[in-house]
Every structure is written in C-alpha cells, then in structure tokens.
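Remarks on the structure that follows.
The values are calculated or read from the model by the stated rules, or taken from the named source; none is laboratory data. What you are looking at is a predicted structure, and each value in this text was computed from that prediction instead of being measured. Note that each Cβ is placed from the backbone with ideal geometry, even for glycine, and that neighbours are counted across all protein chains shown.
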Amino acid sequence: MQLSDDDFSLFGLPQRYAQDRAEVDARWKALQARVHPDKFAAEGAASQRLAMQWAVRVNEAHQRLRDPLKRAAYLCELRGAALQAHSNTRMPASFLMEQMSWRESLDEARTAAEVEAIDAEVAAREAALLNEVQRLLDDECDAAAAAEQVRALMFIHRFRADIDQRLDALEQ
C-alpha cells in the first residue's frame, strides 16, 4: 500500500463503477484497523503523523467509493475524462428543459405530497442516469460519455437538496 495508490487499489477492489457497498465498508473497517493512529501511540510522533495521514487517506477514499456519484466522477477522472464541473456546464437541451419543468413544478407545489411526487419523479430519473453511468463505465468503457451523465447527476443532486429544503419548510 502506498499513499499515492488510487482508491480502488488501496481498497483491493476492481476499478469499476459497480461495487458492493457492504464490501466497500468492510474493507474500510479493515484498513482503519490497520492504520488507526491509536495503534501507533507507543511508536513516537513520526509514526503517529504517518498513521494520521493514512487514516485520512483511507477515510477520503471510503467517502468516494461509497457514494455512487463521487465514485462515478472519480472513475471518469481516473480514465482521463475530467468532469470540469465548474467550467463545463453544457447540457443537452432536453435535459435543460426537464430541469426547468421540475423547477417550475417545485415552485408551484403547495403541499408536501406534491413535493414528494416531484421528488419521486426526479429520483427515478437519477436512478436511470446512474444505471447509464454504470453501463458507460463498466460495459462500454466510455468515460467521456459517462462524464456528461455525471455532470447531469450533479445538477439532479443539487435539485434534490432543494426539494429536501422545500419539504423541511413545508413541515415547519
């Protein structure tokens, strides 16, 4: 193991989108047990600092591997298709129209049931896009096309956060 290993190598997992969440979590626990700073308390400050670096590295990798969106973005970047999420916000017109329709529906929704119906529609679209990302990354090996879908998923993720805020406001 080296600090510079990619997350998949670090966790001993194949470099693919499809991962078993329980396996990712089990490997994280095993790695944490090996590198936890408390294990090195008697070995001096240098060993403790190194253990802390390892613990942080393992935790960061775990956060990326366990989250489908972060894992997809990470795989795209590993495969040479950087998302450029801050500078490349280009989306197909049909997706932008879908976003506008969702936003209008959310603005017009007056009850929690109406907002939850919008959330269910958006969640279904999110699931379909995640399946498409898996196909593009694992079956087609098309990281560039997957990166476009990941950018769309990032918009959806932000919109679902807006839905959650709206639901919270309606519950108060």
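Which one is farthest from the chain's Cα centre (by Cα), of the residues in the range 97-143 that are surrounded by 14 or more Cβ atoms within 10 Å (Cβ to Cβ) and free of Cβ contacts under 8 Å to residues at least 12 places away in the same chain?
Filtering first and then ranking leaves E114.
For A72, are the conditions met, namely being under 21 Å from the mean Cα position of the chain (by Cα) and assigned to a helix (DSSP H, G or I)?
So A72 passes the test.
Among the numbered conditions (1) in a helix (DSSP H, G or I); (2) crowded, with 18+ Cβ neighbours inside 10 Å, tell me where Q53 comes up short.
If we test Q53 against (1) in a helix (DSSP H, G or I); (2) crowded, with 18+ Cβ neighbours inside 10 Å, just (2) comes out false.
Here's the yes/no breakdown for (1) among the hydroxyl-bearing types (S, T, Y); (2) modelled with pLDDT of 95 or more; (3) part of a helix (DSSP H, G or I):
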position: P14; (1), (2), (3): no, yes, no
position: A22; (1), (2), (3): no, yes, yes
position: A26; (1), (2), (3): no, yes, yes
position: A30; (1), (2), (3): no, yes, yes
position: D38; (1), (2), (3): no, no, yes
position: A46; (1), (2), (3): no, no, yes
position: H62; (1), (2), (3): no, yes, yes
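Being within 22 Å of L65 (Cβ to Cβ) and in a helix (DSSP H, G or I) narrows it down to one residue among V133, V122; which is it?
The conditions single out V133.
Could you say whether any residue in the range 26-33 is closer than 29 Å to F155 by Cβ, crowded, with 16+ Cβ neighbours inside 10 Å and of a type in the set (D, E, K, R)?
no
Go through the range 1-12 and give me each residue that's among the polar types (S, T, N, Q) and part of a helix (DSSP H, G or I).
First, pick out the residues of the range 1-12 that are among the polar types (S, T, N, Q): 2, 4, 9.
Hit for the range 1-12 is S9, nothing else.
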